[in-house]
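J.: This is the structure I have questions about; it appears just below.
Each reported figure results from applying straightforward, stated rules to the coordinates on display, with no laboratory input. This structure is a prediction, so every number in the text was calculated from the model and none was measured. All Cβ positions, even for glycine, are placed from backbone atoms using ideal geometry, and neighbour counts span all protein chains on display.
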Amino acid sequence: MNSLVAVIIQLVSGAVGGNISGSLFKKISLGTVLNSILGIIGGGLGGQLLGMLGVASGSGGTDLAGIIGSVAGGGVGGGILMAIIGAIKSALAKK
């Protein structure tokens, strides 16, 4: 159950991270819905990647360090994936 909580935290943090990234970089923003979807995907991937690297709590503990690791991994992963996809879409639209 602890890993399920960590995944949920990562996904929600990813959605938030995707939308924050979209609001910071308005030229590559894809809108709230797509920013959220990409953020959720990036949050799940980012949180799991950091867990495998041992940077964040991969077991998804409900202690403070596990929660902070899940939030950080999810938020950063979501923001990065949204920024990458947004930049690619923006570059393709210019051609």
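J.: Going highest first, how would you order 11-18, 42-49, 85-92 by mean Cβ packing within 10 Å?
T.: Most protected by this proxy first, the peptides run 11-18, 42-49, 85-92.
J.: In 5 Å bins starting at zero, report the fraction of Cα pairs in the chain per bin as a rounded %.
T.: 3, 19, 25, 20, 13, 10, 6, 2, 1, 0
J.: Next question. Assuming R0 = 22 Å, can you tell me the calculated FRET efficiency for the pair residue 88 and residue 26, based on Cβ-Cβ distance, to the nearest 0.05?
T.: It comes to 0.85.
J.: Okay, moving on. Can you tell me the length gained on complete extension of the stretch residue 33 to residue 65, counting 0.36 nm per residue apart and subtracting the Cα distance?
T.: Here the answer is 8.5 nm.
J.: Under a 10 Å cutoff between Cα atoms, tell me which one of 84, 40, 28 has the largest fluctuation in the Gaussian network model of the chain.
T.: In this elastic network of the chain, the residue with the biggest mean-square fluctuation among 84, 40, 28 is 84.
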